[in-house]
Each structure stands twice: as C-alpha cells, then as structure tokens.
Amino acid sequence: MARLCVSQQLLNEPFNEVKAQLANGTASHSLVADFISQAHDDADEDTMKAVALTGYAVGMDTTASTLQTFLLIMVLYPDIQAHARAEIDRVVRHDKMPCLDDRASMPYLDAILREVPRWYPVAPLGIPHATSNDDVYDGYFIPKGAMVMVNQWALSRDEDVFPDASRFDPSRHLTVDGKLKDSFVNHFAFGHGRRICPGRWFAENSLWTAAATILAVLRISHAKDSNGDRIEVKPEFTTGLAVRPEPFHCSFESMNTARERRLRAMMDSK
C-alpha cells in the first residue's frame, strides 16, 4: 500500500504543481507545461501524466545506473581515469568547468562513455518489442504480434566486433589518430527501430556533463579500511530488466580547488 501511495504521488504531484505554476505564470518550459498549454478541452490528463512519469522514471533509472557503472570503472581503471582527466585539463582552463561546447575536443571521454554501456549494458536483454506484421529474418518466420527481444549482452560480447570483449577498453572506439569512430555502439544501448529511446540525446548529454564534471574536480579511487588498507572492489551487478553495480566502497578526493569552488557556487545558486 505504501508503494502504491508513493507511485500515485509521483504520478500526480509534479503534474499538479506544473498546472498550478501555469495558472500563476511561474512555470518553466517543460514537457508537462507543453502538454497542458497545448491541450484541447477533451485532453486526457491521465495519459499526459503517464507519458511524463514514464519518461522521467525510465531515464532516471537507466542514467543513474550507467553513471554508477562509470564510477565503478574509474575505481577499477585509474590509468583510464587519469587519461580522461588529462584530456579535460588540456582542453579546459584550470579554473573553468567543462561544458557541452567542449565535448567535440574530448574524444577520449566520449570513448569511455561509449565503452560503459558496451562493457555492461544497463538493459542486458533490451526492451521487449512486438512485430506489427508477419516477417522473415535470416530464414526464420516471425508471425505478427510475436515478442522480439534483442540480446544486448550478446551484441556487447561479440568477439568479432569487440576483441577481448570482457576488457574495458575505450581505445576500441577511437581511430589511430585519436578521433571517435563512426559506431553503432552508442545506439544499441538505447534500443532499435522505431521504438529506439527518444531521450537518447538527452541521456548522452546528461552522462557526458556528469562524467566531465566529476573528473574535472574529483579523483575516484579505492577506499581504505580502519587499518588504512585498501578495500578491494569486485565488479558485481544486480539482476533484472535493468541492472546496476552492487554497492561498492570508493573514495573521492578534490583535485582542483578552483573548479571545486566554482562548482559549489553553481550548486548554491540553484
């Protein structure tokens, strides 16, 4: 019952708040604000709420899970972390935070963020689809209405495409001169066909911004126990439709006080 109450709150309260803000002229531009302001008299508010909640919940969970995997990787691969931080420091002034305008100049960070969902897809079996008509694929007859699931895990572990697939290696997404390759890797993590995730561009930008901000300010490393000994981290993941790393110990150390002050000022102004 408690879960149902929380679900109803999440469904209704943000929607009603935006509705009230539209009425008094204080609403920011958002999906829900567009829904309400462009709706006709017979608009179905339940559908609006469901679409908004689905977009938020799906994006929130998958983005958070991917970011947790990124942090795990930074602990496990300090050399990769150092390489990415050096790229940021080379492109961005010492007292400035990286922003999306800098992204094109940081191919190595993008390569890391391509390798994260390749190394451990957040949805290993994808999202179920259904055929809208009878079809034949590679000699197999697929009837209309059949459930089709794309094995993201198998795609990510295809040794013909990704040699030594169990190894986390951003360089597999870079050319010999350090530029990003044209690749489908960052696409298959978001699904396929007409039902590919419509929020993939927002998700990519959000992940890039978060990762760049973290690395510009912090070093992520192994935590230590009460005796000062390093706590080893073993990559273990949950199971289910969407997966994430099991809780792990790590430490955060500020690497740039000027950027830290700038970041804190940005957060305090929110």
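Derivation of every value follows stated rules applied to the coordinates shown; laboratory data play no part. Here the structure is a predicted model, which means the values were calculated and not measured. Glycine also receives a Cβ, built like all others from the backbone with ideal geometry; neighbour counts cover every protein chain displayed.
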Pop the C-beta distance of E45 and F202 into the FRET formula with R0 = 30 Å and round what comes out to the nearest 0.05. 0.80
Stretch R167-R264 to full length: gain in nm at 0.36 nm per residue minus the Cα-Cα span? 31.4 nm
Whole-Å distance linking the alpha carbon centroid of the range 153-173 with that of the range 206-270 is 25
Can you give the helix-only mean residue ellipticity at 222 nm for the chain, where every DSSP H stretch with n ≥ 4 adds -39500 (n - 2.57) and the sum goes over all residues, rounded to the nearest 500 deg cm²/dmol? -15500 deg cm²/dmol
A student applying the Cα gyration tensor rule (rounded when a/c is under 1.5; otherwise prolate if a/b is larger than b/c, oblate if not) would label the range 139-215 oblate
Please compute the alpha carbon radius of gyration of the range 228-270, then divide it by the globular-protein estimate 2.2 N^0.38 Å. Two decimals is fine. 1.80
Ranked packing of 13-19, 64-70, most packed first, by mean Cβ within 10 Å: 64-70, 13-19
Using Cβ counts within 10 Å as a stand-in for footprinting exposure, how do D135, D110 rank, fewest first? D135, D110
State whether the chain is rounded, prolate or oblate according to the following rule on the C-alpha gyration tensor (a ≥ b ≥ c being the square roots of its eigenvalues): a/c under 1.5 gives rounded; otherwise a/b larger than b/c gives prolate, and the remaining case gives oblate. oblate
Under 5 Å from the placed amide H of F237, counting only residues 5+ away or on other chains, we find E246
Quick check for me: using +1 on Lys/Arg Cβ and -1 on Asp/Glu Cβ, what's the dipole size of the range 167-248 about its Cα centre, in debye to the nearest 20? 300
Work out which helices of the chain, taken as complete DSSP H runs, extend at least 30 Å along their axis over the Cα atoms and score a mean Kyte-Doolittle of 0.5 or more, then list them. 45-76
In nm, what is the difference between 0.36 nm times the number of residues separating R93 and N151 and their Cα-Cα distance? 16.6 nm
Among 123-130, 244-251, how do they line up from the highest to the lowest mean number of other beta-carbon atoms within 10 Å? 123-130, 244-251
About its Cα centre, how strong a charge dipole does the range 13-167 have in debye, to the nearest 20, once Lys and Arg get +1 and Asp and Glu get -1 at the Cβ? 540
Taking 0.36 nm per intervening residue step and subtracting the Cα-Cα distance, what contour gain separates L180 from F252 on full extension? 23.0 nm
Relative contact order computed over the range 13-142 (Cα-Cα under 8 Å; 6+ residues apart), in percent: 16
Relative contact order (percent) for the chain, with alpha-carbon contacts under 8 angstrom and 6 or more residues of separation? 22
Provide the FRET efficiency to the nearest 0.05 for the S221-N24 pair, computing r from the beta carbons and using R0 = 35 Å. 0.15
Using alpha-carbon pairs under 8 Å, 6+ residues apart, how would you state the relative contact order of the range 84-143 in percent? 21
Given unit charges at Cβ for Lys, Arg (+) and Asp, Glu (-), the dipole magnitude of the chain about its Cα centre in debye, nearest 20, is 700
